[in-house]
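These notes concern the structure reproduced below.
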Amino acid sequence: MDQRTIGILGGGQLGRMIVEAANRLNVKTVILDGPNSSAKQINAVGAHVDGSYNNADAIARVAQRCDVLTVEIEHVDVKTLETLQIKHPKLEIYPTPQTIRLIQDKFTQKEHLIKNGIAVSESIEISDASVKALEEVGRKFGYPYMLKAKRLAYDGRGNFVVDSKDRIGEALQLLGDRSLYAEKWAPFSMELAVMIVRTIDGQVHSYPVVETIHRENICHLCYAPARVPDSVKFKAKLLAEDAIKSFPGAGIFGVEMFYLQDGGLLINEIAPRPHNSGHYTIEGCVTSQFEAHVRAILGLPMPKGFSSFATSNTNVVMLNVLGDSSEKDKELKTCRRALETPGASVYLYGKESRPKRKLGHINIIASSMQAVERKLQYITGESDSASD
Ligand code: ATP
Ligand code: MG
Ligand code: MG
């Protein structure tokens, strides 16, 4: 399909699923991560690089072996990417280093969105992490408010809910040595997410609006489509598209948002890469988020004349398989039940089990959301029947 090789910074499950999509299109990939990382396990033919996506030499070695460089994680050494862009103008980097830099600092990301007229929660930069400064935030925002690390945050590690003045000490103990900002509490009734693919010529195309349900800050379930009125889906799609139009470069983006109790929508954060809330697209849409990413960064065609990747009958729930030590082999039992369930597909990432670690996911598809939910109950052990 394309003679060029894609270099991927990061070899976790997102990299693994990019490799799967690339393989189907005869596109070669080279991965940078530790030996035997998730993505390397399924591509034994590439000249992969062992090392960290934060190491300049390792990134340069991948750059030598590829034509287009991409990431499966935004926390990469962006300075090195900027240098490579100048030294090797022929090397294409998507998302662009400029976009990665804007997004990897959540506060800079927020400032960028505000500048572009995108609705986000109000936030304040904390330049000195002291009790006085956090009390001042409490006076301004009221309680609870969210204290967030600007960088290197994931799965809620880096966030602290300051629900009263008394919790400030604890918040500082946990996050005080990081660069911080505070965010006004978003009284949401639901969390929504939209995957957007941006082509090299700057066009954006959206996937269906989905609903994400978190448990202890980690995505637990994703309902596609979201169980909200069509008017809300339409507004969410436009908001996500507008947000992604403001970031230069090509590729897939995940847009997380809050659907507020008063009906409004706010963007929470953006990921410049495939996203957990887009795993359902493997079965739920004709072109998965991973394939869309490969096509977008290589400048391969997208379906002509389409405005959305939705199929007319997308009813999917994605269940994350997390490490769980509460019962022996609990994760495996869940996966086995999924194998017995018509319409369910199991994806395992080749990772060792640790509590709360994302080990895999299960996509469950059916002709109605009620039927999907019945299958889900069987898979999670809440019911004894897997049939339609
Ligand atoms: P991810 O794994 O998605 O990258 P993260 O560590 O970057 O997560 P956030 O997305 O900032 O963290 O927040 C995690 C969760 O915390 C959100 O999905 C939401 O449930 C809750 N949350 C975050 N910010 C707010 C807010 N301002 N008001 C209310 N809840 C919030
Ligand atoms: Mg995040
Ligand atoms: Mg998030």
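Of all the residues in the range 55-73, those that are in contact (Cβ under 8 Å) with a residue 12 or more places away in the chain and either open to solvent by less than 10 Å² (accessible area, probe 1.4 Å) or assigned to a helix (DSSP H, G or I) (or both) number 12. Quick check on my filter: what residues within the range 186-204 are assigned to a strand (DSSP E or B) and hydrophobic (A, V, I, L, M, F, W, C)? If the condition is that a residue be assigned to a strand (DSSP E or B) and hydrophobic (A, V, I, L, M, F, W, C), then Phe188, Met190, Leu192, Ala193, Val194, Met195, Ile196, Val197, Val204 are the ones that fit.
Among residues of the range 150-164 that are without any contact (Cβ under 8 Å) to a residue 60 or more places away in the chain, those with a Cβ under 7 angstrom from a residue that is within 9 Å of ligand 3 (Cβ to nearest atom) and open to solvent by 40 Å² or more (accessible area, probe 1.4 Å), sequence gap 6+ or separate chain, pair up as Asn159/Asn217. Looking at the range 210-290, the strands (runs of 3 or more DSSP E) lying wholly inside it that each contain 3 or more residues that are under 20 Å from Arg198 (Cβ atoms) sit at 251-260, 265-271.
Give me the residue from the range 1-37 that is among the small types (Gly, Ala, Ser) and open to solvent by 10 Å² or more (accessible area, probe 1.4 Å) and, out of that set, farthest from Glu291 (Cα to Cα). Checked the range 1-37; the qualifying residue farthest from Glu291 (Cα to Cα) is Gly34. Can you name the condition, by its number, that Ala171 falls short on among (1) in a strand (DSSP E or B); (2) over 18 Å from the mean Cα position of the chain (by Cα); (3) touching a residue at least 24 places away in the same chain (Cβ under 8 Å)? Ala171 satisfies every listed condition except (1). Residues in the range 38-54 that are part of a strand (DSSP E or B) and either closer than 21 Å to Tyr347 by Cβ or open to solvent by less than 40 Å² (accessible area, probe 1.4 Å) (or both): Val49 alone.
Check whether at least one residue in the range 74-81 is touching a residue at least 60 places away in the same chain (Cβ under 8 Å) and either surrounded by fewer than 16 Cβ atoms within 10 Å (Cβ to Cβ) or farther than 13 Å from Leu9 by Cα (or both), and report yes or no. Give the steps one after another, and end with the answer.
Pass one, the range 74-81, residues touching a residue at least 60 places away in the same chain (Cβ under 8 Å): 74-76.
This time we only want the ones that are either surrounded by fewer than 16 Cβ atoms within 10 Å (Cβ to Cβ) or farther than 13 Å from Leu9 by Cα (or both), so: none.
No, the range 74-81 contains no residue that is touching a residue at least 60 places away in the same chain (Cβ under 8 Å) and either surrounded by fewer than 16 Cβ atoms within 10 Å (Cβ to Cβ) or farther than 13 Å from Leu9 by Cα (or both).
Considering Phe141, Phe160, the condition of being within 15 Å of ligand 2 (Cβ to nearest atom), over 30 Å from Ile365 (Cβ atoms) and open to solvent by less than 50 Å² (accessible area, probe 1.4 Å) is satisfied by Phe160 alone.
For the range 105-125, a residue qualifies if it is among the β-branched types (Val, Ile, Thr) and open to solvent by 20 Å² or more (accessible area, probe 1.4 Å), and the qualifying residues are Thr108, Ile114, Val120, Ile124. Of the residues Phe188, Phe247, Phe160, the single one that is within 13 Å of ligand 1 (Cβ to nearest atom) and farther than 30 Å from Arg374 by Cβ is Phe160.
Identify the residue in the range 233-256 that is open to solvent by less than 10 Å² (accessible area, probe 1.4 Å) and more than 19 Å from Thr314 (Cβ to Cβ) and, among all such residues, is nearest to ligand 2 (Cβ to nearest atom). Show your work before the answer.
Here is the first cut: in the range 233-256, the ones open to solvent by less than 10 Å² (accessible area, probe 1.4 Å) are 236, 240, 243-244, 247, 250-255.
Among the residues that remain, those that are also more than 19 Å from Thr314 (Cβ to Cβ) are: 243-244, 247, 250-251, 253.
Numbers: Ala243: 15, Ile244: 16, Phe247: 15, Ala250: 21, Gly251: 17, Phe253: 13 Å.
Out of the qualifying residues, it is Phe253.
Of the residues making up the range 167-180, not a single one is of a type in the set (Val, Ile, Thr), within 12 Å of ligand 1 (Cβ to nearest atom) and in contact with a strand residue (DSSP E or B) (Cβ under 7 Å, 6 or more places away or on another chain). Take Gly263 and tell me if it is away from ligand 2 (no atom under 16 Å from the Cβ), closer than 19 Å to Met17 by Cα and either of a type outside the set (A, V, I, L, M, F, W, C) or open to solvent by 20 Å² or more (accessible area, probe 1.4 Å) (or both). Judged against the criteria, Gly263 is not a match. Kindly check whether there is at least one residue in the range 178-185 that is assigned to a strand (DSSP E or B), under 14 Å from the mean Cα position of the chain (by Cα), under 24 Å from Gln104 (Cα atoms) and at pLDDT 95 or above. No: zero hits. The residue of the range 144-157 that is farthest from ligand 3 (Cβ to nearest atom), among those that are part of a strand (DSSP E or B) and open to solvent by 50 Å² or more (accessible area, probe 1.4 Å), is Arg157. Within the range 183-196, residues that are open to solvent by 30 Å² or more (accessible area, probe 1.4 Å) have Cβ atoms under 6 Å from residues that are assigned to a loop (DSSP other than H, G, I, E, B) in these pairs: Lys184/Ser121; Lys184/Glu122; Trp185/Pro144; Pro187/Gln261; Ser189/Gln261, counting only partners at least 6 apart in sequence or on another chain.
The values are calculated or read from the model by the stated rules, or taken from the named source; none is laboratory data. Keep in mind that what you see is a predicted model, and the values were worked out from it rather than measured. Neighbour counts run over all protein chains shown; Cβ positions are idealised from the backbone, glycine included. Note: areas computed on protein heavy atoms with side chains; ligands, DNA, RNA excluded. Shrake-Rupley method; radii C 1.70, N 1.55, O 1.52, S 1.80 Å.
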